[in-house]
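Undergrad: Pasting a structure below so you can have a look.
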Amino acid sequence: MFRHGNKPSRSWSGTGGFRVPVLFTVLILVLVALILLFRHDGDKPSSSVGSVKQKWSSFESLVQFNPTVEFRNGTDVIWQIPDSPKAVLFVAHGCSGRAINFWDKSPKCPNCVGLPEERLIVLHALARKFAVLTISSVGKCWSFGEESMIVKEIIKWWVDKYKLEKLPVFALGASSGGHFVSMLATDMSFSSITVMIAEGLFDHMDITRGYPPTLFVHMPKDESRRQRIDANLRMLKDEGIDVAEIKCMEFPLSPNFLADRIPGLHNTVSMKLFDLFWDKGFIDKNGYMKADGRAIHLKAALRESKIVLPDMHLFHHIQEELNLAFAYHEMTSLQSKQIFDWFEAHMS
Ligand SMILES: *[C@@H]1O[C@H](CO)[C@@H](O)[C@H](O)[C@H]1NC(C)=O
């Protein structure tokens, strides 16, 4: 082996004429480099790369928040219906989430939080003429007994109240909300569902042919979940259900990333935060998060630094975006275009 390897190197010591073995080696190296390059590209869906450029204000000229808030059946129900809606979308948050996270703070909803990913999903939906309904789980996470009955009733009440019964109904849930939606779909007639960063409760249900088309939006860095999603994808496909998946990959932070994604966080603060993350070793030399936003000592780092956030609540917004960039487990709006394309391809 070694003797073989020595051959090309000997020709380098020659007078400069490129011999065939050298050319060959160079060719092989170029090929290997190309393969590595393309493999890397293949891992990154064009969506993530392209859409990170999307700013929090992208929808400003298209649609504004104007939600209605109601307390019903012991929980918060918040919705907005655009002019001439063409579909209905129920969105279920993850553990510790609330309906108020999906809507910007406004006179109509003074307690609303407007987390960056949640609000962009709603804006995207409204811009595509989906009527959006959000409901808070009663406990920290969704439960799977009586709560699904209550939610089903709320959706039906709301659809009747606004005479939306002719429209196709969709559901999107993240994490615990993804499990919840996967189960609600055995009980309610959805045109299609999106199960985000969750494998769904398919081990606990009987899937029939009437189960709706199902899109998994997930972060393959969560390897054990990826395996469970793979298994459920195969199972659903075998049952004749229309299924698809979107893989969400990590991406690097840039100095203006947080300002682009979070309303009210200005560029100067965003750049200072980026420097802080670098100083603290939260990001590597290419800007990638080294760990999940929940695993780093973000609060302490912020306290030590002299950075003044315009609003202390923005801590949660920042953490969400760091989780998103790390791409292990977070609500994501970056794939909204593909998600709503999928919904619109399943309107019947
Ligand atoms: C939900 O609230 C409505 C109106 O207050 C009521 O009629 C209905 O019975 C409640 N449903 C449940 C499951 O509690």
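Throughout, read-outs are computed from the coordinates displayed, never taken from laboratory work. Source: prediction; values computed, not measured. Note that we place each Cβ from the backbone using ideal geometry, even for glycine, and neighbour counts take in every protein chain shown.
Undergrad: With θ set to phi - 60°, apply the Karplus curve 6.51 cos²θ - 1.76 cosθ + 1.60 along region 95-111 and write out the HN-Hα couplings as whole Hz, x wherever there is a Gly or Pro.
TA: Result, rounded to whole Hz: 4, 6, x, 8, 4, 5, 6, 8, 10, 5, 4, 7, x, 6, 9, x, 8.
Undergrad: Let me ask something additional. Please rank Cys112, Cys141, fewest neighbouring Cβ atoms within 10 Å first, as an exposure proxy.
TA: Cys141, Cys112
Undergrad: Give me the number: length gained by fully extending Thr268 to Gln64, i.e. 0.36 nm times residue separation minus the C-alpha to C-alpha distance, one decimal in nm.
TA: Net length gain for the segment: 70.8 nm.
Undergrad: About the Cα centre of region 105-187, what is the dipole size in debye to 20, counting +1 per Lys and Arg Cβ and -1 per Asp and Glu Cβ, all else neutral?
TA: Values: 11 positive and 8 negative charges, 91 e Å.
Dipole magnitude for region 105-187 comes out near 440 debye.
Undergrad: Right, something else. Taking square-rooted eigenvalues a ≥ b ≥ c of the alpha carbon gyration tensor, is region 252-326 rounded, prolate or oblate, where a/c under 1.5 means rounded and, failing that, a/b exceeding b/c means prolate?
TA: Working: a/c = 1.35, a/b = 1.22, b/c = 1.10.
Because its axes are fairly even, with a/c under 1.5, region 252-326 counts as rounded.
Undergrad: I'd like the Karplus ³J(HN,Hα) series for region 329-344: coefficients 6.51, -1.76, 1.60, θ = phi - 60°, whole numbers in Hz, and an x wherever there's a Gly or Pro.
TA: Ordered by residue, 3J(HN,Hα) equals 7, 7, 4, 9, 9, 5, 9, 4, 4, 5, 4, 6, 4, 4, 4, 5 Hz.
Undergrad: What does the C-alpha gyration tensor say about the overall shape of region 98-200? Classify as rounded when a/c is under 1.5, otherwise prolate if a/b is larger than b/c, or oblate.
TA: Verdict is rounded for region 98-200.
Undergrad: Would you work out if region 146-290 is rounded, prolate or oblate? Take a ≥ b ≥ c from the square roots of the eigenvalues of the alpha-carbon gyration tensor; rounded if a/c is under 1.5, else prolate when a/b is larger than b/c, oblate otherwise.
TA: Oblate shape, in that a/c is at least 1.5 and b/c is the bigger or equal ratio.
Undergrad: Follow-up. Taking the Cβ of Arg209 as the centre, find all other residues whose Cβ is under 15 Å away and add up their charges (Lys, Arg: +1; Asp, Glu: -1).
TA: -3
Undergrad: Give me the number: length gained by fully extending Asn256 to Ala301, i.e. 0.36 nm times residue separation minus the C-alpha to C-alpha distance, one decimal in nm.
TA: 14.3 nm
Undergrad: Right, next: Among the listed pairs Lys105/Lys247; Lys247/Lys290; Lys129/Lys163; Lys86/Lys161; Lys221/Lys337; Lys140/Lys285, which are separated by more than 27 Å between their Cα atoms?
TA: Details: Lys105/Lys247 31 Å; Lys247/Lys290 19 Å; Lys129/Lys163 15 Å; Lys86/Lys161 16 Å; Lys221/Lys337 22 Å; Lys140/Lys285 37 Å.
Checking Cα-Cα distances, Lys105/Lys247; Lys140/Lys285 exceed 27 Å.
Undergrad: Tell me which residues come under 5 Å, amide H to amide H, from Cys95 once H is placed; ignore anything under 5 positions away on its chain.
TA: Placed amide hydrogens put Ser176, Gly177 under 5 Å from Cys95.
Undergrad: Related question: Each residue of region 267-273 in order: what ³J(HN,Hα) in whole Hz does its phi give by Karplus 6.51 cos²θ - 1.76 cosθ + 1.60, θ = phi - 60°, with x for Gly and Pro?
TA: 4, 4, 5, 4, 5, 5, 5
Undergrad: Pulled fully out, how much extra length does the chain show between Lys156 and Gln227, if you take 0.36 nm times their separation in residues and subtract their Cα-Cα distance?
TA: The Lys156-Gln227 span can extend by a further 22.1 nm.
Undergrad: What residues qualify as long-range amide H neighbours of Val243, i.e. H under 5 Å apart, gap of 5 or more or another chain, H built at 1.01 Å from N?
TA: Answer set, sorted by chain and number: Thr214.
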